[in-house]
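Trainee: Structure incoming, see below.
The values are calculated or read from the model by the stated rules, or taken from the named source; none is laboratory data. Everything numeric here is computed off the predicted structure, so don't read it as measured data. Cβ: placed from backbone, ideal geometry, glycine included. Neighbour counts: every protein chain shown.
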Amino acid sequence: MAGSQAVIEIRQLFELDEFAEVLRLQQVIWGFADVELLPLRFLVVVSKVGGHVFGAFDMEQAPPAMVGFCFAIPGVKSGRPYLHSHMLGVLPEYHNAGIGRRLKLRQREEALSRGIELIEWTFDPLELKNAFLNIERLGTIVRRYSENQYGVTASPLHGGLPTDRCIAEWWLASPRVRATLAGKKAEPHPEDRIAFPADIARIRSEDPERAREIQKANAEKFQRAFERGLAVTGFARTETEGIYLLEPWQ
């Protein structure tokens, strides 16, 4: 049983065979070349030096099958510990079942239990569903943009484009995040808007040159907005566009 009807359990991973399954899911979800995969031994280190690895399991299968995962590595910012959530993936047949959000919420729970108040991660601004999840469903803000952060990869999901990324900041105990998770997020008062076509995924697949033009033009808009002290605090969707909403942030 797949998707929204599956019984999903989220649990922290510690064992080698579990990390081997994470490696397999990387290959299935992204189609990475072998050199681009994060190896099993890296996940072992992550789990032992202050990071964490979580798996999502379909409990209707026998034995239960891992259908998604995420992991975060420890870091230090301004003398305080934080986590960088480097990768989250869910098998395509389990998309739109809320598994990604549940994995993130489990990361938050574990981090707060250790007194860690910030988790950061990067996401592709062309991935509009991810943007909505990160900003509207989790309460992250975005104040930084990194051009071609990981280089051009072999993954078909990246469409041969530079791996431009927004950096999401998830301040786990902040009033903004608490309100968002409770369904009481305040409406932003945008001073700027940056829009992508709602069908940008199709454009990236069918017309990569046009997708690159859109990516490059909006990269410049993000950089100028952040230089002015704005932050992404909202994300709106229409039938034709996905729109990043930016306002001043202290």
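Trainee: Would you check if LYS184 is modelled with pLDDT under 95 and either touching a Lys or Arg at 6+ places or on another chain (Cβ under 7 Å) or under 26 Å from TRP249 (Cβ atoms) (or both)?
Mentor: Answer is yes for this residue.
Trainee: Restricting to the range 131-154, give me the number of residues that are of a type in the set (Ser, Thr, Tyr), modelled with pLDDT of 95 or more and either at positive phi or part of a loop (DSSP other than H, G, I, E, B) (or both).
Mentor: Result for the range 131-154: 1.
Trainee: Just to verify a result, which residue in the range 45-61, among those that are at pLDDT 95 or above and of a type in the set (D, E, K, R), is farthest from GLY100 (Cα to Cα)?
Mentor: Top of the filtered list is LYS48.
Per-residue answers, yes or no, for (1) in contact with a Ser or Thr (Cβ under 8 Å, 6 or more places away or on another chain); (2) of a type in the set (Lys, Arg); (3) assigned to a helix (DSSP H, G or I); (4) at pLDDT 90 or above:
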residue: MET1; (1), (2), (3), (4): no, no, no, no
residue: SER4; (1), (2), (3), (4): no, no, yes, no
residue: ILE10; (1), (2), (3), (4): no, no, no, yes
residue: GLU18; (1), (2), (3), (4): no, no, yes, yes
residue: GLN27; (1), (2), (3), (4): no, no, yes, yes
residue: PHE32; (1), (2), (3), (4): yes, no, no, no
residue: VAL35; (1), (2), (3), (4): no, no, yes, no
residue: LEU43; (1), (2), (3), (4): no, no, yes, yes
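Trainee: Suppose we filter the range 221-250 for residues that are polar (S, T, N, Q) and either crowded, with 21+ Cβ neighbours inside 10 Å or outside any loop (DSSP other than H, G, I, E, B) (or both); how many remain?
Mentor: 2
Trainee: Among (1) touching a helix residue (DSSP H, G or I) at 6+ places or on another chain (Cβ under 8 Å); (2) over 19 Å from VAL22 (Cα atoms), which single condition is GLY75 missing?
Mentor: (1)
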